[in-house]
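Just so it is clear, none of the values below were taken in a lab; they were calculated from the coordinates. Here the structure is a predicted model, which means the values were calculated and not measured. Cβ coordinates were reconstructed from backbone atoms using ideal geometry, including for glycine residues, and neighbour counts include every protein chain displayed.
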């Protein structure tokens with residue numbers, strides 16, 4: 001995901017064990033002590049909303065900058081919904 005003005009649909013996950021965030025950081029190749037450019041993703045706190053526009057509060061999200069997306073061959077999801085199913 002990259003920052004932008006478009007709506008992104010997805011799932012909000014909640015974990016009671018704070019160690020999960022450390023495991024997710026490792027999975028997403030995010031290291032808080034490294035410079036932003038040295039990480040594959042940057043973990044950032046963003047506001048989330050219900051489909052009707054009510055705030056759910058702030059959550060952690062892993063974002064990639066546009067240059068990295070292009071370099072890695074990423075593509076925009078036209079319907080703003082990521083799926084493991086191909087939309088060909």
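Taking every pair of alpha-carbon atoms in segment 19-71, what share in percent sits in each 10 Å bin, from 0 to the bin with the longest distance?
Each 10 Å bin holds this share of Cα pairs: 23, 43, 28, 7.
At a threshold of 8 angstrom on Cα-Cα distance, excluding pairs fewer than six apart, so keeping six or more, what relative contact order does segment 19-71 reach in percent?
27
Of 9, 60, how do they rank once you tally other Cβ atoms within 10 Å and put the fewest first?
Ascending number of Cβ neighbours within 10 Å: 9, 60.
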